[in-house]
1. Could you tell me how far the Cα centroid of region 153-189 sits from the Cα centroid of region 27-62, in Å?
2. Excluding residues on the same chain fewer than 8 positions from residue 153, give the aspartates and glutamates whose Cα lies under 12 Å from its Cα.
3. In region 1-71, what chymotrypsin sites (Phe, Trp or Tyr not before Pro) fall in a loop by DSSP, with at most 16 other Cβ atoms inside 10 Å?
4. Rounded to a whole number, what is D in µm²/s for region 1-109 from Stokes-Einstein with the Kirkwood radius over alpha-carbon pairs (37 °C, 0.692 mPa s)?
5. Enter the angle in degrees (range 0 to 90, nearest 10) between the Cα long axis of helix 77-86 and the first principal axis of the Cα atoms of the chain, meaning the one along which they spread out most.
6. Take the residue pairs 7/167; 26/137; 26/189 and return only those whose Cα atoms are more than 23 Å apart.
7. Nearest 5 percent is fine: what portion of the DSSP beta bridges confined to the chain is antiparallel?
8. Are there trypsin sites (Lys or Arg not before Pro) in region 178-249 that DSSP marks as loop and that have at most 16 other Cβ atoms within 10 Å, and which are they?
Amino acid sequence: MPNNAAKDWFVHDFDHPAYFDHYRDKEGDAAHEGPALAALLGLREGSRVLDLPCGWGRLRPALEACGHQVISGDLSALNLHRHRIEFLGDLVRLDFRALPFRAACADGVFCAFTSWGYFATDAENQFQLQEFARVLKPGGTLLLDLCGREALKRSVAFDNGRWVHLKQLGYRERVRWSPDGRRIWTERKQGRFAFRHDIWIPTDLEVRESLAAAGLELEAAFGGLHGGAWTLDAERWIYRAIKPLSSRA
Ligand SMILES: C[S@@+](CC[C@H](N)C(=O)[O-])C[C@H]1O[C@@H](n2cnc3c(N)ncnc32)[C@H](O)[C@@H]1O
């Protein structure tokens, strides 16, 4: 599927009103996901937390309810526009490929809902983690909330590669793995619009190696929102990693 035009699919797919239709269930999910993920971040009141990417800001209230000072950032102007209407607070338009923050400015980076692995190359995906590490203070925390690869494999197995008409939602969808089995391709057709997510779904080992290569120490891996133990089959893999105190700011 990927060609050069589709390489930066994330610039288009998330910046379209249909994105809000495709992920409408995430609006309601925020009520339980937000507090649970904010608790897993595990920072004390008054911490400065970067919500990256923030989308339309659905998890921001939960971070603020913990007493954090939140700065939200995202690439999508449309998401930021909705964020501005629905929630107060600092907002920055940004790209993971060059975060507009100085080094060591944040106590936490909060990266929720499978928001890593969008880039076409391993080097770019690694760079996103390096940017997260750069902006963290020594001792600061990254929370990386990903989908579990094995659970995703199971859920895709039934319809793998088949177009499915989701009548109530008003679009058709086809989900399949890339031939090398590393990435998941989700295509959607809605009226005259076409979308195609192309996301690297790392193994647990790849996540751990990437965090280490970014200079972050894995503190805990969870198998769900409520802090249960990580398991291979869990639907969510959530990693909490720390920038060592010994790191250079
Ligand atoms: C699946 S959404 C998650 C948003 C939010 N964390 C949440 O839980 O609702 C992914 C977000 O990543 C943003 N995004 C995609 N590529 C990006 C990039 N290169 N730099 C910054 N944000 C990006 C999209 O605009 C979108 O809002």
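1. Here the two parts' Cα centres lie 28 Å apart.
2. Filter leaves 233, 235.
3. Passing both the DSSP loop test and the Cβ count: 23.
4. Result for D is 222 µm²/s.
5. Tilt of helix 77-86: around 70 degrees.
6. 7/167; 26/137
7. For the chain, the DSSP antiparallel bridge percentage is about 65.
8. 182, 192, 248
Every read-out reported here was derived from the displayed coordinates using simple, explicitly stated rules and does not represent laboratory data. Keep in mind the model is a prediction, meaning the values are calculated, not measured. Quick reminder, even Gly has a Cβ in these numbers, built from the backbone with ideal geometry, and neighbours come from all protein chains shown.
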